[in-house]
Amino acid sequence: MSSSSSSSSSSSTVFNSIAAILVNQFDVARDAIAPGAALSELGLDSLSLMEFVFAVEDAFHLRLPEDRLDPREAGITLGHLCEAIEAQIDCKLDSPMAAQA
Amino acid sequence: MSGARVHVTGIGLVTPLGGTVESFDDALFSGRSAVRARALEIAGLDPITLAVAACDFDAAAVRSNSRLPLDRGTAMALAAARDAAAQAGLAAGSVDPERLGIFWGSGLAGAGSFDDTTRALYGEQRRMRPTTVLTVMPNAAVAELALQFGAQGAAIAYACACASSAVAIGEAMRAIRGGWIDAAIVGGHEAMLTPGVMASWHAMRVTAPPPPGAPASACRPFSSDRAGFALGEGAAALVLESEAHASARGAVNASSLFLAGYATNCDATHITNPDSAGQVRAMRAALRDAGIEAAQVGHINAHGTATTAGDAAEAASIREVFGRATPVSATKAIHGHALGGGGAIELVATLRTLAQGVLPPTANLRVPDAAFDLDFVRGEPREARHLRYVLSNSFAFGGTNAVLVAGRAIDR
């Protein structure tokens, strides 16, 4: 699922939320945070990246399987992370099982 | 190398008596206790009320070089050590990194994080964080301190219960005297006022009940009506330097404070019951290490936990080594028992006693146990302008004894 299926307002909500986590919990400079920025270039080591993804998962009450999004992979950007989050949110909303999940 | 002075060039604190030397002195010399009552309610257990001395400290405000989430105790350690290094003027480049060590003691390092982890796993069925191991490992604080100060000479965590930080400080002193390193950031912390740890101490029946309406008087060392200790928390850090290193930096002056002697041994007689004979051997060995006679010690900061057996053993051992001549105080009455961090906090009390030339009173000690024939400082602080040496005792579960002797360079 691509980000185009989400409205631009929910996209920016997701992006702003993860930007806030990076700034507040991981001391990343706000001007280093952009949709095109690679996770591997935020100045976080592999352990901090895992903690970051963990914090994101907790904030959105979801799981991002590593086979789908490995934060240590070179090309993964914050934009990709937003897409993965939005896809999960959409799945939950679409699923009749969502209420039980 | 016995007798060589190791200089104390910086002190940092996070204690129930405050985070500055000024606030610490204020409570220390007036005997003002920070002990309060705290109710503990855990499902399945009878509700209990404990006497505790907690720090007004915001661990979440402390950031580390590793950027990891910090255990409360690790945050305290960082805050105290940063203050000590700043006071010592220990800037980057002023010490050879390979000649700088970290020697740090805690009894239950990571207790808060471990309690959180077990609650998350068994209580809330939540998953482990990726960094859980790094927050609960006993050397978590040591690792952060080494990162913070770029200390490449040594980074060692000591765990011997209530003697942990006294041993850490003494072992750093030996490493400096032996020429292995020039300087060290030393001390200890304990942050264990968690439900699980508090309930465990209560179960052991060694903690004092807070008297109704007067919780600050719960811990009464050497008193005829003593009833155990108040759990505390906190951290204290010192910067230690060899005479040559401190002199070369211009960090030694006419009123400098230094460590003069250290000894550690083990009773090896019982897991908890203290053995006076072992304590006597440790105090005598510390005096020999300092190259001084018992009569040159002007004050003793006792371990003084206010337990029935602990105070009796220590009163007997002090009496045997010092007779009745040397005044004795026990400061756990006001800052609580910080376990592994206690030796460092009490060494700071010892150094402040030397710096001020005033002996702190033992709070809550109105009527000493008639069996103890010692000169307890109680009621008011006592002037001691010619104080040269003070001895600090730390005696641990497991039988480890650690004795530190601190000195002041000249008579004022």
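Observations
- Among A:30-43, B:271-284, B:382-395, the peptide with the highest mean count of other Cβ atoms within 10 Å heads the list, and the full ranking is B:382-395, B:271-284, A:30-43.
- Listed residue (B:146, B:28, B:247) projecting farthest to the positive dipole end of chain B, Cβ model: B:247
- Prolate/oblate/rounded call for the range B:6-248, Cα gyration tensor, a/c under 1.5 rounded: oblate
- Cβ-defined net charge surrounding residue B:373, 12 Å radius [Lys, Arg +1; Asp, Glu -1]: -1
- Taking a sphere under 12 Å around the Cβ of residue B:393 and counting the other residues whose Cβ falls inside, with K and R at +1 and D and E at -1, yields a net charge of -2.
- Cut-off under 5 Å, modelled amide H: who pairs with residue B:36 long-range: B:52, B:53, B:54
- Average Cα contact separation per residue, chain B, under 8 Å, 6 or more apart, as relative contact order %: 24
- Three-way shape label, the protein assembly as shown, alpha-carbon gyration tensor, a/c 1.5: prolate
- Net charge in the neighbourhood of residue B:111 (other residues with Cβ under 11 Å of its Cβ; Lys, Arg +1, Asp, Glu -1) is -4.
- Anisotropy class of chain B from Cα gyration tensor, a/c 1.5 cut: oblate
- Relative contact order for the range B:207-253, counting Cα pairs under 8 Å that sit 6 or more residues apart, in percent: 26
- Multiplying the residue separation of residue B:294 and residue B:147 by 0.36 nm and removing their Cα-Cα distance gives an extension gain of 48.9 nm.
- On full extension, the segment bounded by residue B:65 and residue B:247 gains 62.5 nm, given 0.36 nm per residue less the C-alpha separation.
- The phi-based Karplus calculation (6.51 cos²θ - 1.76 cosθ + 1.60; θ = phi - 60°) puts the 3J(HN,Hα) values of the range A:37-47 at 6, 6, 4, 6, 10, 8, x, 9, 7, 4, 5 Hz, whole numbers, x for Gly and Pro.
- Annotation: amide H of residue B:359 within the under-5 Å range of B:382, B:383, B:384, sequence separation 5 or more or interchain, hydrogens built in the peptide plane.
- The charge dipole of chain B, taken about its Cα centre with unit charges on the Cβ atoms of Lys, Arg (+1), Asp and Glu (-1) only, comes to about 140 debye.
- Take B:94-102, B:311-319 and order them by the average number of nearby Cβ atoms within 10 Å per residue, most first; the result is B:311-319, B:94-102.
- Helical mean residue ellipticity (222 nm; -39500 (n - 2.57) per DSSP H run of 4+; nearest 500) of chain B: -9500 deg cm²/dmol
- Look at the dipole of the range B:259-408 built from charges on Cβ: of B:336, B:359, B:270, the Cα furthest out on the positive end belongs to B:359.
- 3J(HN,Hα) from dihedral phi, the range B:161-170, Karplus parametrisation 6.51/-1.76/1.60, rounded to Hz, x for glycine, proline: 6, 6, 9, 3, 6, 5, 5, 4, 5, x
- Average beta-carbon neighbours from other chains, 10 Å sphere, peptide B:226-233: 0
- Nitroxide proxy distance, nm - points 7 Å out along Cα→Cβ at residue A:77 and residue B:127: 2.7
- Here the 3J(HN,Hα) profile of the range B:198-211, calculated from phi with Karplus coefficients 6.51, -1.76 and 1.60 at θ = phi - 60°, is 4, 5, 5, 5, 4, 5, 7, 6, 10, 9, 7, x, x, x Hz, Gly and Pro shown as x.
- Comparing B:235, B:163, B:91 along the charge dipole axis of chain B, the residue lying farthest to the positive side is B:91, per the Cβ-charge model.
- For the segment B:61-67, counting C-beta atoms of other chains within 10 Å of every residue's C-beta and taking the mean gives 2.
- Taken residue by residue and averaged, Cβ atoms of other chains lying within 10 Å of the Cβ of B:128-135 number 3.
- Its Cα centre serving as origin, the range B:1-157 has a Cβ charge dipole (Lys and Arg +1, Asp and Glu -1) of approximately 280 debye.
- Per-residue packing, averaged as other Cβ atoms within 10 Å, sorts the ranges B:217-230, B:156-169, B:110-123, B:35-48 into the order B:156-169, B:217-230, B:110-123, B:35-48, beginning with the highest.
- The range B:259-408: relative contact order as a whole-number percent, Cα under 8 Å and 6+ apart: 37
- When only the Cβ of Lys, Arg, Asp and Glu is charged (+1, +1, -1, -1), the dipole of the range A:3-94 relative to its Cα centre reaches about 200 debye.
- Under 5 Å from the amide H of residue A:28 lie the amide H atoms of A:23, each residue being 5 or more positions distant or on a separate chain, with H modelled from the backbone and absent for Pro and chain starts.
Read the figures in this text as sums done on the coordinates, not as results from a lab. Predicted, not measured: the structure shown is a model, and the values here were computed from it. All Cβ positions, glycine included, derive from the backbone under ideal geometry; neighbour counts span all protein chains shown.
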